[in-house]
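Quick notes on the structure that follows.
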Amino acid sequence: MGAYDIDREKPSVSQWHYSTFGNIPPSSNAQPGWQVLAENFDEDTTLVTGAPLKNLKVLLRDHDEGVTLGRWVAQGGFAGDPVVPEEHRLEKFAGKVTCPTYNFNGDPKGANLALVHPAIKERRCVSKNVCHGVFYDRAFHEKVGKVRDARKSFGLIHDAMEGYLAKKPDGKKFHDPLAACAALDPSIVTWAEVEVYRAKGEWGSVPRSGTNTWITTAVDQEAFHRVFLGV
């Protein structure tokens, strides 16, 4: 059974995805996204998000009675100089305390609600300053090629990225796969306990204990590759 985003009639997917994988027709029996979440949340559930948090917002705002989510792993947020050790700062973000982030800014009310709602017991933000250092490049493409026959998904990824890399040889930032792998194995990234905040359309974080809200400050890329490839 599928789910749909109550705030969209069409999915927010780039033309590259349609040209690569084709146009998949919508489900004919989809439930509202918030309802799918409500039916599957419990204290042992991990929710991984990689888009604006519209359905999660509706659940927490309008239907939160009895809801418990054990862990939320979000691709979003920003850890700036107050949180990231100097040796792990990407040059493009050095000196920054806050920065716009797409997924959280796609629904800032939803992000702010999820960051404080008591129904969510643990929050893990895979932040922009780490994601922007992780690429699907030619070297990683070769690794995927070696295991492409192990799973159908690897073959689809390898075929799609062959065309992508032909046009953009520098590669593609690998945001959501990193977040998914960090949910599977949190040890592939370094975490700092923080309070996440929004100021003037940008997101930042400050070190703070007792929040049970954690944000990434560094990544072990070889460990990430191992988790992604299942080797």
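Key figures for this structure:
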| item | result |
| --- | --- |
| Net charge over other residues, Cβ less than 15 angstrom from the Cβ of E193 (K, R count +1; D, E count -1) | +3 |
| Fewest-first ranking of W214, W191, using other Cβ atoms within 10 Å as the exposure measure | W191, W214 |
| Globularity ratio of segment 79-176, using Cα Rg and 2.2 N^0.38 Å | 1.37 |
| Distance-filtered residues of segment 206-231 - backbone nitrogen under 20 Å, label point 7 angstrom along T20 Cα→Cβ | 224-230 |
| Whole-Hz couplings from phi, Karplus 6.51/-1.76/1.60, listed for segment 198-215; x for Gly and Pro | 10, 9, 6, x, 10, 10, x, 8, 10, x, 7, 7, x, 8, 6, 10, 10, 9 |
| Only Lys, Arg (+1) and Asp, Glu (-1) charged, at Cβ; the chain dipole about Cα centre in debye | 580 debye |
| At least 18 Å along the helix axis (C-alpha) and Kyte average at least -0.5, DSSP helices within the chain | 152-167 |
| Shape call, the chain: gyration tensor on alpha carbons, a/c limit 1.5 | oblate |
| Share antiparallel - DSSP beta bridges, the chain, percent rounded to 5 | 50 percent |
| Listed pairs K57/K121; K143/K172; K143/K173; K109/K173; K96/K200 exceeding 19 Å between Cα atoms | K109/K173 |
| Residues with amide H under 5 Å from that of C125, placed H, sequence gap 5 or more | A74, W214, I215, T216 |
| Formal net charge of residues neighbouring A166 (Cβ-Cβ distance under 15 Å; K, R +1; D, E -1) | -1 |
| Cα shape, segment 163-231, gyration tensor, a/c 1.5 rule | oblate |
| Under-5 Å amide H pairs with T45, H placed in peptide plane, nonlocal only | G70, R71 |
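Read the figures in this text as sums done on the coordinates, not as results from a lab. All figures in this text were calculated on a predicted structure; none of them were measured in a lab. Neighbour counts are summed over all protein chains in view; Cβ atoms, including those assigned to glycine, are modelled from backbone coordinates with ideal geometry.
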